[in-house]
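J.: Structure in structure tokens, see below.
The values are calculated or read from the model by the stated rules, or taken from the named source; none is laboratory data. Note that the coordinates shown come from a computational prediction; the quantities given were computed from them, not determined experimentally. Backbone-built Cβ (ideal geometry, glycine too); neighbour counts: all protein chains shown. Protein only, heavy atoms only, side chains kept; ligands, DNA and RNA dropped before computing areas. Shrake-Rupley method; radii C 1.70, N 1.55, O 1.52, S 1.80 Å.
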Protein chains: 2
Amino acid sequence: MQIAILGGTGREGRGLALRWAKAGHSIVLGSRDAERARSRAQELSSLGQGTIRGGDNVSATDGADAVLVSVPYPAHGDLLTELRQALDGRIIIDITVPLTPPKVREVHLPPGNAAALEAQAILGTGAHVAAALHHISSTHLADLGRPMEGDVLVSSDFDDARELTIGLVRDLGLRGLDAGALRNAVALEAMTSVLLHINKRYGVEGAGIRIAGVA
Amino acid sequence: MQIAILGGTGREGRGLALRWAKAGHSIVLGSRDAERARSRAQELSSLGQGTIRGGDNVSATDGADAVLVSVPYPAHGDLLTELRQALDGRIIIDITVPLTPPKVREVHLPPGNAAALEAQAILGTGAHVAAALHHISSTHLADLGRPMEGDVLVSSDFDDARELTIGLVRDLGLRGLDAGALRNAVALEAMTSVLLHINKRYGVEGAGIRIAGVA
């Protein structure tokens, strides 16, 4: 599968690109700065996990079976608005959490209640948005030797986006669970602040969520 | 400890009363219908787990070290407004989830974003509200022979309310974790709809949450 990672030069992008490349997918890192994306792609490709290319955000989406959005929340709305046309007809995996520094350990509801709901509203129903991967530590992702832990909750209003995302989560070595309608991204995004609080409060790094009672 | 359970004749009230009575606490079930509360208390007492009394909601709060609020969301605001005076100076454990039937498997944010935030706003800072126990199935609670599973996330703006609640959660045989400020009840309450979706989607009963990465 061809996967574009927008904001792909960030921390999450690194681990996702390497793990999906290793699983046999073709990865294109997108960035506002095409040169930076190409240079990062070259660096990651040299690790020998698989094919990773880079380019500007629009060209990165060319031919992508899935477009993962991994940008800081303040850049999220503008990026999607700019890419509206390029993203039409595509499956979008939105992993954005609307954190508001410095209070990242307290829930902050954005104007649309969830970044993923805002994405779907901006893009219209021609794009199929799934929200996922909010609770996976970027440090764990980037540490390829480390087995991943925790479940990934996936919410979407579209079956194709949900199923494709759950499959890609499996390729990361994690269990993806159907978490219902895209509205439920409100809970998934907000829970990230709870996990950040737990990390600090209990002196751990990368607390995650497991769903008990589902075999 | 003396624990009042308002709305104590409901499903959650039954299991909580029996498990806390068994742990040695003194329980008072409160209800709008004092006769119903007394009759339910007598029934539960007859199971021989410990002392359980009943009465109207106001008298149930007399001398309570903790007051648990377990009423359907549509009754929540009115009950707290009526009991404002009786609850002043007390620790409140609010387990309310603002579900809106028939769409209980989709997140619904109430006007104050969380029932527990609404409770704290109604009661003022003389009452110390903790939000907890949203993810524990009432069926599991009521089945005394069954070991409880899952973690209980506790959010509060007051240390005394948080610590007391975490202690009472331990007495149920569960791990209570500090989930941060009361604002974070937005995530805890909303996650309940995700769990209800998962129950239906995967054909299970009582899916819960475990926090991975915290020993």
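J.: Taking B:Glu149, is it facing chain A (nearest Cβ under 8 Å), on the phi < 0 side of the Ramachandran plot and surrounded by fewer than 20 Cβ atoms within 10 Å (Cβ to Cβ)? Before the answer, list the steps.
T.: Values: facing chain A (nearest Cβ under 8 Å): yes; on the phi < 0 side of the Ramachandran plot: yes; surrounded by fewer than 20 Cβ atoms within 10 Å (Cβ to Cβ): yes.
So B:Glu149 fits the description; yes.
J.: Test A:Arg170 against the stated conditions and say whether it is more than 7 Å from chain B (Cβ to nearest Cβ) and either in a loop (DSSP other than H, G, I, E, B) or open to solvent by 10 Å² or more (accessible area, probe 1.4 Å) (or both). Spell out the reasoning first.
T.: Details: more than 7 Å from chain B (Cβ to nearest Cβ): yes; either in a loop (DSSP other than H, G, I, E, B) or open to solvent by 10 Å² or more (accessible area, probe 1.4 Å) (or both): yes.
The answer is yes for A:Arg170.
J.: Let me ask something additional. What residue, among those in segment B:76-85 that are open to solvent by 30 Å² or more (accessible area, probe 1.4 Å) and not β-branched (Val, Ile, Thr), is farthest from the other protein chains (Cβ to nearest Cβ)? It would help to see each step written out before you state the result.
T.: Step one: filter segment B:76-85 for residues open to solvent by 30 Å² or more (accessible area, probe 1.4 Å), giving B:78, B:81-82, B:84-85.
Pick out the ones that are also not β-branched (Val, Ile, Thr) and you get B:78, B:82, B:84-85.
Numbers: B:Asp78: 25, B:Glu82: 29, B:Arg84: 26, B:Gln85: 30 Å.
Residue satisfying both the conditions and the ranking: B:Gln85.
J.: Still on this model: Taking segment A:94-127 as the region of interest, how many residues are away from chain B (no Cβ under 11 Å), closer than 23 Å to A:Gly13 by Cα and not in a loop (DSSP other than H, G, I, E, B)?
T.: Residues meeting the conditions: 8.
J.: Please determine, by comparing only the residues of segment B:204-215 that are within 7 Å of another protein chain (Cβ to nearest Cβ) and more than 30 Å from B:Gln49 (Cβ to Cβ), which one is surrounded by the most Cβ atoms within 10 Å (Cβ to Cβ). First the steps, then the outcome.
T.: Start the filter on segment B:204-215 by keeping residues that are within 7 Å of another protein chain (Cβ to nearest Cβ), which leaves B:204, B:206-214.
Narrowing the set further to residues that are more than 30 Å from B:Gln49 (Cβ to Cβ) leaves B:212-214.
Details: B:Ala212: 17, B:Gly213: 19, B:Val214: 17.
Ranking the qualifying residues of segment B:204-215, first place goes to B:Gly213.
J.: Suppose we keep only residues that are β-branched (Val, Ile, Thr) and without any contact (Cβ under 8 Å) to a residue 60 or more places away in the chain within segment B:121-140. Which one would you say is farthest from B:Glu189 (Cα to Cα)?
T.: Residues of segment B:121-140 β-branched (Val, Ile, Thr): B:122, B:125, B:129, B:136, B:139.
Okay, now just the ones that are also without any contact (Cβ under 8 Å) to a residue 60 or more places away in the chain, so B:122, B:125, B:129.
Values: B:Ile122: 18, B:Thr125: 21, B:Val129: 14 Å.
The residue in question is B:Thr125.
J.: Where residues in segment B:128-137 are outside any loop (DSSP other than H, G, I, E, B) and open to solvent by less than 10 Å² (accessible area, probe 1.4 Å), which of them is nearest to B:Pro98 (Cα to Cα)? Talk me through it step by step, then tell me what you get.
T.: So the first thing to find is which residues in segment B:128-137 are outside any loop (DSSP other than H, G, I, E, B), and the list is B:128-131.
Pick out the ones that are also open to solvent by less than 10 Å² (accessible area, probe 1.4 Å) and you get B:129-131.
Details: B:Val129: 16, B:Ala130: 16, B:Ala131: 12 Å.
My answer is B:Ala131.
J.: Kindly check whether there is at least one residue in segment B:97-111 that is at positive phi and at pLDDT 95 or above. Before you say what the answer is, go through the steps one by one.
T.: Step one: list which residues in segment B:97-111 are at positive phi, which gives none.
Checked segment B:97-111: no residue is at positive phi and at pLDDT 95 or above.
J.: Give segment A:180-203 a look and list any residue that's facing chain B (nearest Cβ under 7 Å) and open to solvent by 40 Å² or more (accessible area, probe 1.4 Å), or say none.
T.: Result: A:Arg183, A:Arg201, A:Tyr202.
J.: Looking at segment A:35-45, can you tell me whether even one residue there is part of a loop (DSSP other than H, G, I, E, B) and farther than 24 Å from A:Ala181 by Cα?
T.: Step one: list which residues in segment A:35-45 are part of a loop (DSSP other than H, G, I, E, B), which gives none.
Within segment A:35-45 (the criterion being part of a loop (DSSP other than H, G, I, E, B) and farther than 24 Å from A:Ala181 by Cα), the answer is no, since none of the residues qualifies.
J.: Moving on. Exactly one condition in (1) more than 8 Å from every other protein chain (Cβ to nearest Cβ); (2) modelled with pLDDT of 95 or more; (3) within 27 Å of B:Lys22 (Cβ to Cβ); (4) surrounded by fewer than 24 Cβ atoms within 10 Å (Cβ to Cβ) is false for B:Phe158; which is it?
T.: So the condition that B:Phe158 fails would be (3).
J.: Related question: Quick one: A:Leu141 ticks every box in (1) more than 22 Å from A:Ile209 (Cβ to Cβ); (2) open to solvent by less than 20 Å² (accessible area, probe 1.4 Å); (3) at pLDDT below 95 except a single one, so which number is it?
T.: (1)
J.: Here is a check on your reading of the model: is A:Gly63 in contact (Cβ under 8 Å) with a residue 60 or more places away in the chain and under 30 Å from B:Asn184 (Cβ atoms)? Walk me through how you get there before you give the answer.
T.: Values: in contact (Cβ under 8 Å) with a residue 60 or more places away in the chain: yes; under 30 Å from B:Asn184 (Cβ atoms): no.
No; evaluated as a whole, the condition is false for this residue.
J.: Checking B:Lys103 against (1) surrounded by 17 or more Cβ atoms within 10 Å (Cβ to Cβ); (2) free of Cβ contacts under 8 Å to residues at least 12 places away in the same chain; (3) of a type in the set (Lys, Arg), which test does it fail?
T.: Of the numbered conditions (1) surrounded by 17 or more Cβ atoms within 10 Å (Cβ to Cβ); (2) free of Cβ contacts under 8 Å to residues at least 12 places away in the same chain; (3) of a type in the set (Lys, Arg), the odd one out for B:Lys103 is (1).
J.: Restricting attention to segment A:59-90, which residues are over 10 Å from A:Ala4 (Cα atoms), assigned to a helix (DSSP H, G or I) and touching a helix residue (DSSP H, G or I) at 6+ places or on another chain (Cβ under 8 Å)?
T.: Passing the criteria: A:Tyr73, A:His76, A:Gly77, A:Leu79, A:Leu80, A:Thr81, A:Glu82, A:Arg84, A:Ala86, A:Leu87.
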